[in-house]
1. Among (1) of a type outside the set (Val, Ile, Thr); (2) modelled with pLDDT of 85 or more; (3) exposed (fewer than 10 other Cβ atoms within 10 Å of the Cβ), there is one condition residue 5 misses while meeting the rest; what is its number?
2. Looking only at region 8-23, which residues are part of a loop (DSSP other than H, G, I, E, B) and modelled with pLDDT of 75 or more?
3. Restricting to region 56-86, and then to whatever is assigned to a helix (DSSP H, G or I) and touching a Leu at 6+ places or on another chain (Cβ under 9 Å), can you tell me which residue is nearest to residue 5 (Cα to Cα)?
4. Name the single residue that is surrounded by the most Cβ atoms within 10 Å (Cβ to Cβ) among those in region 27-55 being part of a loop (DSSP other than H, G, I, E, B) and of a type in the set (A, V, I, L, M, F, W, C).
5. Can you tell me which residues in region 57-92 are surrounded by 11 or more Cβ atoms within 10 Å (Cβ to Cβ) and at pLDDT below 80?
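The values are calculated or read from the model by the stated rules, or taken from the named source; none is laboratory data. If you're wondering where the values come from, they're calculated on a predicted model, not measured in any experiment. Heads up, the Cβs are rebuilt from the backbone with ideal geometry, glycines too, and the neighbour counts pull from every protein chain shown.
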Amino acid sequence: MTSCLVDLEDFPATKKYVYLNAASISLMPLPVLRKMNKFQEDLGLRATAWFDEEVETNALEDARIESAKFIGAEVDEIALMTSTTEALCAVAWSLISNVATTSSPRTWLFQA
């Protein structure tokens, strides 16, 4: 018996392909694409008159809630970062006090 964590109907390409290249650009589920397109449309039609701190916070909070449900965590245990580099740097800063960084978004270094 095979089980799946997601509804394959949300990934139409899986009817034709076995897609393994998720390291660069992965398949997105249809509900995510729909929500993303609606967000882009609202932003394009109303610009900064609509996109304020509350809209931004709510968008991220929805992602935190769904992520917590998916992995069985509490919402306050979920942190969203803009990149893996930012996340690794945040972890490094929380673990040790002597971390050197550069202005490059892809470079970080632990100092002993």
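1. All conditions pass for residue 5, except number (2).
2. Matches in region 8-23: 11, 16, 17, 18, 19, 20.
3. The qualifying residue nearest to residue 5 (Cα to Cα) is 70.
4. Looking at residues that are part of a loop (DSSP other than H, G, I, E, B) and of a type in the set (A, V, I, L, M, F, W, C), I get 27.
5. 59
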